[in-house]
Amino acid sequence: MTSVKRPLEERPIITLDLLIATRENTKSIGFFVDDTVTNPGLGIPFYKTVLEGANYKEATWKDQACVRTSQIHWRDDHSVMWLERHMEMTQGFILMGKNPGLFVLGEPTHDREELDEKHRALPDPKTTKAYILPAGCGIIIKKGTWHDFPVSTGPPVSAFILNTEEVVEALASMPTAAPMNHGDCFKLRLSDHWDFTLHFPDPRPIVQKHGLVPGPVAQPLMGPEGYGFNMCRQEVKAGWGNGGKVFVVPVVNVEVFTPGCGGPGIQPHLQSVPELANKGWRDYGNRRGLQRLAQMFKDLGIPATAVVNSEAAKVDYVAKALKESGWEMGAHGLNNSSGNAKMTREEEEGHFKHCLDDLQASLGARPATWLTPGFSVTERTPQIAAASGIKAFMDFVDDDVPYDVVDSESGARMLCLPYCMETNDFSLVLTKNMDARQYAQTIEDHVRQLAKESGEERVVCLGMHTFVAGTPARVLALAEALGRLKALPGVRFATASQVHDLVRKGQKERAVSVMRQQTLKKARRPEVGPRQRALATLVRGSGSGCDEGGARHCFCAPLFAHRFLVFTALRRRDGDLRRARAFASG
């Protein structure tokens with residue numbers, strides 16, 4: 001066995017190729033069975049209308065075949081923990097009904113001359129793949145083919161299985177799941193031999209895309225609540241806005257695209273390579289649109305957040321404009337041609353670090369706000385963002401109010417500022433084809449309506465791109481609309497980090513208030529003595545040197561502890577309760 005040092009959770013994940021099984025791509029592992037008659041020509045005089053195929057020459061079930069059926073249900077875990085092989089039989093699987101199944105199959109290694117004895121007794125991850133077997137098809141795997149039991153691709157799948165009594169009895173005799181090598185079943189726990197973990201991709205999008213299932217298949221969610229792996233939503237209580245009802249966060253996307261890989265276009269039909277018009281239109285945004293937007297916000301006295309591709313920040317004139325803008329600097333991945341969607345956890349963690357490190361080097365500060373380019377996320381993106389130090393997160397679009405997402409394991413917390421799709425310049429200009437005035441008016445109407453509504457504070461993230469919102473006509477109309485909104489009662493303009501800080505301040509003040517009330521409530525009980533009442537006086541605060549009616553004393557744990565210890569010492573030393581109270585109250 002290989003000496004493995006890393007714990008399971010720290011091992012890298014290798015994702016298997018996922019193929020739709022065919023006769024051609026399964027030749028090295030078995031015999032594909034479908035409605036095609038293989039080796040036709042067997043003549044049986046009793047069946048005049050039948051095309052008979054010859055026997056599968058290499059198919060064997062030793063002394064006697066064992067025939068059974070099984071129904072396999074969906075499992076959320078996509079890891080491959082076990083692989084086995086049989087050297088004295090060829091195992092068969094035929095899928096019945098209307099649903100496909102997934103098989104993890106590896107080419108035989110026992111007869112590979114280039115391998116040493118040790119590696120002939122192990123699967124080869126390079127020749128191990130995940131296959132989707134269509135409904136009504138089957139496969140008879142060759143002797144020595146590494147395999148696991150079939151897996152559901154979403155809906156339950158029924159299988160007709162052919163193997164031997166010897167293998168079935170050996171498997172059933174195991175008291176617990178453990179490696180085994182008897183009864184013609186050589187089964188390995190892969191973690192005992194490899195310092196990595198094998199996973200197969202989620203098959204549900206593939207079977208849906210290719211029409212391999214008769215009805216819709218539930219697609220994978222972003223974790224159990226829809227906010228990412230291990231992430232849960234927690235509501236932000238109203239009252240944090242300090243008088244503001246609607247907080248408008250202008251979000252300027254500063255983006256670059258990999259040359260030759262395309263991107264948004266003002267004339268999408270222009271697809272020749274090299275392509276000048278649409279690329280030049282996008283480049284115009286960073287050359288002129290960025291500076292125009294920066295000047296507009298400066299003239300209006302309105303703060304903004306820029307979410308920046310780290311590769312864009314390496315362009316001299318872009319970095320110069322951003323540094324002079326006075327905006328908050330947020331992160332927007334490396335570029336807008338490559339998202340996170342197909343990354344492993346290790347790759348995505350490296351992606352976050354690379355982006356944040358580069359932005360810090362280029363712009364002088366490490367961003368605490370994040371928007372994933374193109375919403376190209378994985379289920380792990382929110383968790384990795386929180387672990388990377390992100391405080392304000394914009395990848396969700398499902399509300400008008402901010403809310404927290406919390407990692408249920410680490411406790412890491414981010415404030416989600418919903419990125420409004422209804423006010424985004426891509427939605428309004430490129431999708432709905434609004435002119436400059438319609439674009440600006442829609443934004444104004446959206447914010448005005450929210451300002452009329454009662455209830456908790458709202459947040460509107462105005463997503464804009466330098467090559468869309470930054471054109472002369474749109475800046476002119478947008479400046480007029482934003483100027484009117486700035487004067488609207490209850491409307492506040494802010495950066496993402498400013499909204500985050502306001503919410504956190506409100507949460508802290510609420511926690512302090514609750515603690516103060518609990519302490520005072522205990523102090524009013526008849527059994528409470530003078531020492532505890534003095535403690536309540538300390539918590540209440542006198543207002544002297546303490547803003548928010550004593551909140552500073554209550555929330556600052558070191559100061560609180562120091563005063564309480566001195567109070568106790570004075571009380572014990574000379575019994576002077578009056579002196580102790582005077583010290584405790586500041």
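Do you know which residues across region 186-244 are touching a Ser or Thr at 6+ places or on another chain (Cβ under 8 Å) and within 30 Å of Arg458 (Cα to Cα)?
Result: Gly228, Asn230, Met231, Cys232.
Only one of (1) outside any loop (DSSP other than H, G, I, E, B); (2) within 26 Å of Asp124 (Cα to Cα); (3) open to solvent by 80 Å² or more (accessible area, probe 1.4 Å) fails for Gln71. Which number is that?
Of (1) outside any loop (DSSP other than H, G, I, E, B); (2) within 26 Å of Asp124 (Cα to Cα); (3) open to solvent by 80 Å² or more (accessible area, probe 1.4 Å), only one is false for Gln71: (2).
Output the residues belonging to region 491-517 that are open to solvent by 70 Å² or more (accessible area, probe 1.4 Å) and either in contact with a Leu (Cβ under 7 Å, 6 or more places away or on another chain) or part of a strand (DSSP E or B) (or both).
Arg492
Within region 427-453, track down each residue that is open to solvent by 50 Å² or more (accessible area, probe 1.4 Å), farther than 12 Å from Leu478 by Cα and either of a type in the set (Ser, Thr, Tyr) or not in a helix (DSSP H, G or I) (or both).
Thr431, Lys432, Asn433, Glu453, listed by residue number.
Among the numbered criteria (1) in contact with a helix residue (DSSP H, G or I) (Cβ under 6 Å, 6 or more places away or on another chain); (2) at pLDDT 95 or above, which one does Leu270 miss?
The number of the failed condition is (2).
Filter region 408-425 down to the residues that are open to solvent by 10 Å² or more (accessible area, probe 1.4 Å) and of a type in the set (D, E, K, R), then identify the one that is farthest from the chain's Cα centre (by Cα).
If we take residues in region 408-425 being open to solvent by 10 Å² or more (accessible area, probe 1.4 Å) and of a type in the set (D, E, K, R), then Glu422 is farthest from the chain's Cα centre (by Cα).
Have a look at His86, His119, His110 and point out the one that is buried (at least 20 other Cβ atoms within 10 Å of the Cβ) and farther than 27 Å from Asp202 by Cα.
His86
Give region 365-383 a look and list any residue that's out of contact with any helix residue (DSSP H, G or I) (no Cβ under 7 Å at 6 or more places or on another chain) and closer than 13 Å to Ala313 by Cα, or say none.
Ala365
Listed here are the residues, each with its yes/no results for (1) under 33 Å from the mean Cα position of the chain (by Cα); (2) basic (Lys, Arg).
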residue: Thr471; (1), (2): no, no
residue: Ala477; (1), (2): no, no
residue: Lys486; (1), (2): no, yes
residue: Ala496; (1), (2): yes, no
residue: Asp501; (1), (2): yes, no
residue: Lys508; (1), (2): yes, yes
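Among the residues of region 326-336, which ones are of a type in the set (S, T, N, Q) and crowded, with 20+ Cβ neighbours inside 10 Å? Break it down into steps so the answer makes sense when it comes.
Here is the first cut: in region 326-336, the ones of a type in the set (S, T, N, Q) are 335-336.
Of everything in region 326-336, just one residue is of a type in the set (S, T, N, Q) and crowded, with 20+ Cβ neighbours inside 10 Å, namely Asn336.
Only one of Asp34, Asp77 is open to solvent by 60 Å² or more (accessible area, probe 1.4 Å) and either modelled with pLDDT of 90 or more or more than 21 Å from Ala170 (Cβ to Cβ) (or both). Can you tell me which?
On the way: Asp34 fails: open to solvent by 60 Å² or more (accessible area, probe 1.4 Å).
Residue meeting the stated conditions: Asp77.
Please enumerate the residues belonging to region 230-241 that are assigned to a loop (DSSP other than H, G, I, E, B) and touching a strand residue (DSSP E or B) at 6+ places or on another chain (Cβ under 9 Å).
Hits for region 230-241 are Asn230, Val236, Gly241.
Of the numbered conditions (1) part of a helix (DSSP H, G or I); (2) over 21 Å from the mean Cα position of the chain (by Cα); (3) surrounded by fewer than 19 Cβ atoms within 10 Å (Cβ to Cβ), Pro205 fails exactly one; give the number of that condition.
It fails just one condition, (2).
Condition first: open to solvent by 10 Å² or more (accessible area, probe 1.4 Å) and closer than 16 Å to Gly285 by Cβ. Now tell me which residues in region 299-315 satisfy that.
Listed by number, the residues that qualify are Glu311, Val315.
Output the number of the condition that Asp357 fails; it satisfies all remaining conditions of (1) more than 15 Å from Gly228 (Cα to Cα); (2) touching a strand residue (DSSP E or B) at 6+ places or on another chain (Cβ under 7 Å).
Going through (1) more than 15 Å from Gly228 (Cα to Cα); (2) touching a strand residue (DSSP E or B) at 6+ places or on another chain (Cβ under 7 Å) one by one, Asp357 breaks only (2).
Kindly list the number of the only condition in (1) farther than 30 Å from Asn424 by Cα; (2) touching a helix residue (DSSP H, G or I) at 6+ places or on another chain (Cβ under 7 Å); (3) modelled with pLDDT of 90 or more; (4) not acidic (Asp, Glu) that fails for Lys245.
(1)
List the residue pairs whose Cβ atoms are under 7 Å apart, where the first residue sits in region 37-59 and is outside any loop (DSSP other than H, G, I, E, B), the second is β-branched (Val, Ile, Thr), and the two are 6 or more positions apart or on different chains.
From residues that are outside any loop (DSSP other than H, G, I, E, B), the pairs are Gly53/Val37; Gly53/Thr38.
Just give me the residues in region 53-68 being over 14 Å from Ile161 (Cα atoms) and surrounded by fewer than 11 Cβ atoms within 10 Å (Cβ to Cβ), in sequence order.
Listed by number, the residues that qualify are Asn55, Lys57, Asp63.
Is one or more of the residues making up region 215-226 in a strand (DSSP E or B) and crowded, with 16+ Cβ neighbours inside 10 Å?
No: region 215-226 contains no residue that is in a strand (DSSP E or B) and crowded, with 16+ Cβ neighbours inside 10 Å.
What is the residue count in region 37-70 for residues that are among the β-branched types (Val, Ile, Thr) and either at pLDDT below 80 or at positive phi (or both)?
Restricting attention to region 37-70, the residues satisfying the condition of being among the β-branched types (Val, Ile, Thr) are 37-38, 44, 49-50, 60, 67, 69.
Now restrict to residues that are either at pLDDT below 80 or at positive phi (or both): none.
Summing the residues that are among the β-branched types (Val, Ile, Thr) and either at pLDDT below 80 or at positive phi (or both) in region 37-70 gives 0.
Can we say Phe352 is open to solvent by 60 Å² or more (accessible area, probe 1.4 Å) and not charged (D, E, K, R)?
no
Identify, by number, the condition in (1) in contact (Cβ under 8 Å) with a residue 40 or more places away in the chain; (2) farther than 18 Å from Leu105 by Cβ; (3) not hydrophobic (A, V, I, L, M, F, W, C) that Thr15 doesn't meet.
Only one criterion in (1) in contact (Cβ under 8 Å) with a residue 40 or more places away in the chain; (2) farther than 18 Å from Leu105 by Cβ; (3) not hydrophobic (A, V, I, L, M, F, W, C) is unmet by Thr15, namely (2).
The values are calculated or read from the model by the stated rules, or taken from the named source; none is laboratory data. All values reported here derive from a predicted model rather than from experimental measurement. Every residue, glycine as well, gets a Cβ built from its backbone with ideal geometry; the counts of neighbours run over all protein chains shown. Surface accessibility is based on the protein's heavy atoms, side chains included, excluding ligands, DNA and RNA. Shrake-Rupley method; radii C 1.70, N 1.55, O 1.52, S 1.80 Å.
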